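Take a look at the structure below.
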Amino acid sequence: MARSETEAERLKRIAILNARLPRTRAIAQGVLRDPKGRVLLCELSYKREWDLPGGVVDPGESPATCVEREIFEELGLSVTVGRLLAVNWLPPWRGWDDALLYLFDLGVHHAGELDPALFLRREIAGAHWRSIADAAAHVAPYTARMLEVAADAEHPLYLENSEPGRTR
């Protein structure tokens, strides 16, 4: 008969596994459109490329909660996450380890212009509405590809480095 594991033994085993297993960052971003169909891009204070609104998921936080929190903190907008557009595995890039990016539909922003007075200045230098075609001139290549493939997808996509993933 197998010996039952005590709670202390179980927690110790899990701690060992947590210390040894790979950890992949989770990122949550959203596609927020204006009534003209343009998408919101954030001009970030800490990197050259613009990006979709969102950010890194905190430990214990869901990706959907993260994107709502990040957009409120950084842009002063209250949004409700809609459907999942894509999960995008990103390989290591510019010193960062790999990541899983969850891309959500955030619907249409009808409230007019954004209020720069509400921006979190240490992160957001500006926010711009751009067509998906024009986005490529401002965002990282993987973001441009992801927008082209996933922004209008009819069902959630699995992507690898913003390209359609394996189907087998």
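Where a number appears in this text, it was derived from the coordinates with a stated rule and is not lab data. These numbers come from a predicted model, not from an experiment. Cβ coordinates were reconstructed from backbone atoms using ideal geometry, including for glycine residues, and neighbour counts include every protein chain displayed.
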Q) In degrees, nearest 10, range 0 to 90: what is the angle between the Cα axis of helix 7-20 and the longest Cα principal axis of the chain? A) 50 degrees
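So what is the calculated 222 nm ellipticity per residue for the chain, using -39500 (n - 2.57) for each DSSP H run with n of 4 or more, over all residues, to the nearest 500 deg cm²/dmol? Let's see the in-between values first.
Numbers: 4 runs with 41 residues, N = 168.
My calculation for the chain gives -7000 deg cm²/dmol from helical runs alone.
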Q: Grab the beta carbon distance between Glu148 and Leu21, set R0 = 41 Å, and tell me the FRET efficiency rounded to 0.05.
A: 0.75
Q. If you line up the long axis of helix 63-75 against the longest principal axis of the chain, both from Cα atoms, how many degrees apart are they, to the nearest 10?
A. 40 degrees
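Applying 1/(1 + (r/R0)^6) with R0 = 22 Å to the Cβ-Cβ distance of Ala136 and Trp96, what FRET efficiency is obtained, to the nearest 0.05? Intermediate results must be reported in sequence, preceding the final value.
Values: r = 21 Å, r/R0 = 0.96.
Plugging the Cβ-Cβ distance into 1/(1 + (r/R0)^6) gives 0.55.
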